[in-house]
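First comes the structure, then the notes that go with it.
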Ligand code: TYM
């Protein structure tokens, strides 16, 4: 039986990257097994957050999950801080995680930058909490974008470390699932940088709540080159911005990059961009309107999150009970 877990931080506006790299791929997985989708607020506070914004973004992520097609009848939607076992297991796992493993994490290096000495301990140990999120549900599959690959490999290593330390075969080693045509959506201003909710330039990303006009404008202003679109994938690979826009088109249209090139071979960006914007609006527009509807029904939204909390807590506490027994904590 598959058990699927994934999560998104409520640390900024959700982007097209979160949609194409994660949420869109979660929808069909709901049919394949038990699925848990979390809003990882404990992760978000590894960098400073405004309390009022954090609250509203947490609800907005939940509303977006629902608007994209996560079905609360099939899957659990819940907030990480509502299930205290995540933090408890993170502590236990942190006692088994060598510093050397964490020192290799590229995301910490990127986020801490030159201010390494000032960075919070939580930012450094963040991947251990991520491992706990996954392992506390005995998750088998974790659908994520490409940037999370290293963290998922670490989660497997930590599961193995626990099993070895306590001479058991307790934790399941979770499989990363990097799915879809666009597992790494790039910035609209720089085709070599990931599209990110934390980029200071709003023009670098499409936010899930952007208006049709904003989408049109951002696509129009997206960095490109003066050449027409090539006819084959090899040529496209040498042009990062062109490759990004074509890949986004393919992911939204649910077809291959080759097929998009067949259709637009020889077109200039002045012809391709309006088509891309139109396609994007036809998909993101209805999701945005549905998200707004959910946000107007806070009572229903909070009820869904409470049900998620109760059911997730039941699963997580059963794992923790076994972990306590294996470790030798007095029952
Ligand atoms: P976060 O909040 O940065 O991103 C959430 C999901 O969106 C994907 N993603 C992208 N995919 C393609 N292109 C992009 N530009 C892009 N930007 C983001 C991410 O890969 C991710 O799947 N540490 C995680 C959250 C987390 C988690 C977990 C995920 C915490 N615990 C347990 C899975 C399992 C994070 O910061 O994601």
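Taken together, the values in this text are just the output of simple stated rules run on the coordinates, not laboratory data. Small disclaimer: the values here were computed from a predicted structure and weren't measured. Glycine also receives a Cβ, built like all others from the backbone with ideal geometry; neighbour counts cover every protein chain displayed.
Could you identify which residue out of 68, 168, 38 has the top mean-square fluctuation in a GNM of the chain using Cα springs shorter than 10 Å?
168
Test of understanding: in a Gaussian network model of the chain with alpha carbons linked when under 10 Å, which of 64, 192, 139 would top the mean-square fluctuation ranking?
Comparing 64, 192, 139 in a Gaussian network model of the chain, the most mobile one is 192.
Cα gyration tensor of the stretch 89-199, axes a ≥ b ≥ c as square roots of the eigenvalues: rounded (a/c below 1.5), prolate (a/b > b/c) or oblate?
oblate
Please list the equivalent ellipsoid semi-axes of the chain, computed as the square roots of five times the alpha-carbon gyration tensor eigenvalues, in descending order and whole angstrom.
36, 22, 19
Label-point separation (nm) for residue 117 and residue 290, each offset 7 Å from Cα along Cα-to-Cβ?
Label-label distance for residue 117 and residue 290, simple model: 5.1 nm.
Expressed as a rounded percentage, what relative contact order does the chain have, with Cα pairs under 8 Å and six or more residues apart?
The value is 23 percent.
If I take R0 = 30 Å and measure r between the Cβ atoms of residue 211 and residue 318 in this structure, what FRET efficiency does the formula 1/(1 + (r/R0)^6) give, to the nearest 0.05?
Plugging the Cβ-Cβ distance into 1/(1 + (r/R0)^6) gives 0.10.
I'd like to compare 71-78, 97-104, 141-148: which one has the highest average count of other Cβ atoms within 10 Å, and what's the full order after that?
Packing proxy ranking, top to bottom: 141-148, 71-78, 97-104.
To the nearest 500 deg cm²/dmol, what mean residue ellipticity at 222 nm is calculated for the chain from DSSP H runs of n ≥ 4 alone, each contributing -39,500 (n - 2.57), summed and divided by the residues?
Values: 14 runs with 176 residues, N = 331.
One gets -16500 deg cm²/dmol as the mean residue ellipticity at 222 nm.
What length, rounded to one decimal in nm, is gained on full extension from residue 198 through to residue 307, with 0.36 nm per residue of separation minus their alpha-carbon distance?
Length difference between fully extended and current span is 36.2 nm.
P(r) tail for the stretch 42-130, what percent of Cα pairs lie past 15 Å?
68 percent
Whole-Å semi-axes of the stretch 172-331's equivalent ellipsoid, largest first, each the root of 5 times a Cα gyration tensor eigenvalue?
41, 22, 14
Would you mind computing, in nm to one decimal, how far apart the modelled labels at residue 227 and residue 91 are, each placed 7 Å from Cα along Cα→Cβ?
5.7 nm
Using mean Cβ contacts within 10 Å as the protection proxy, how do 294-301, 49-56 order, highest first?
Peptide ranking by packing, descending: 294-301, 49-56.
Label residue 271 and residue 297 with points 7 Å out from Cα along Cα→Cβ: what is the distance between them in nm?
Between residue 271 and residue 297, the simple spin-label model gives 4.5 nm.
Compactness ratio of the stretch 215-308: Cα Rg over 2.2 N^0.38 Å, N = residue count?
1.43
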